[in-house]
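The values are calculated or read from the model by the stated rules, or taken from the named source; none is laboratory data. Remember, predicted model here, so these are calculated numbers, not experimental data. Because the Cβ atoms are built from the backbone with ideal geometry, glycine has one as well, and the counts that use them run over all protein chains shown. With ligands, DNA and RNA removed, areas are computed over all heavy atoms of the protein, side chains included. Shrake-Rupley method; radii C 1.70, N 1.55, O 1.52, S 1.80 Å.
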Amino acid sequence: FEARPADPSVVTALADALNDADGEVRRAAGRTLGLLGPPARDVIPRLEQSLRDPETGVRRAAAFALQQLAPETE
């Protein structure tokens, strides 16, 4: 299996999904952004906003993504 860089349109769609009305969609988007790695670094500010989401699962997914994308941050 050969990994390919994430398509920018996928990163954009996932970043937009962080604002979805459905908490499960927001959670999945955050987690997936973390799995994409460096191509998703531009959405770090949006993930930081997700740390204040009312749903625990969304906050956890955002924290996971931030840990993957910017381990040097708190």
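What value, in deg cm²/dmol to 500, does the helix sum -39500 (n - 2.57) over DSSP H runs of n ≥ 4 give at 222 nm once divided by the residues of the chain?
Numbers: 4 runs with 45 residues, N = 74.
Computed ellipticity for the chain at 222 nm equals -18500 deg cm²/dmol.
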Task: Spin-label pair ASP20/GLN67, simplified geometry with 7 Å Cα→Cβ offset, distance in nm - done: 2.3 nm
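Please compute the per residue accessible area over region 1-68 with all protein chains in place, 1.4 Å probe, rounded to a whole number of Å². The partial results should precede the final answer.
Working: 4370 Å² over 68 residues.
Per residue, region 1-68 has an accessible area of 64 Å².
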Open item on the list: Counting other C-beta atoms within 10 Å, and keeping those with at most 10, which DSSP coil trypsin sites (Lys or Arg not before Pro) do you find in the chain?
Closed with: ARG52
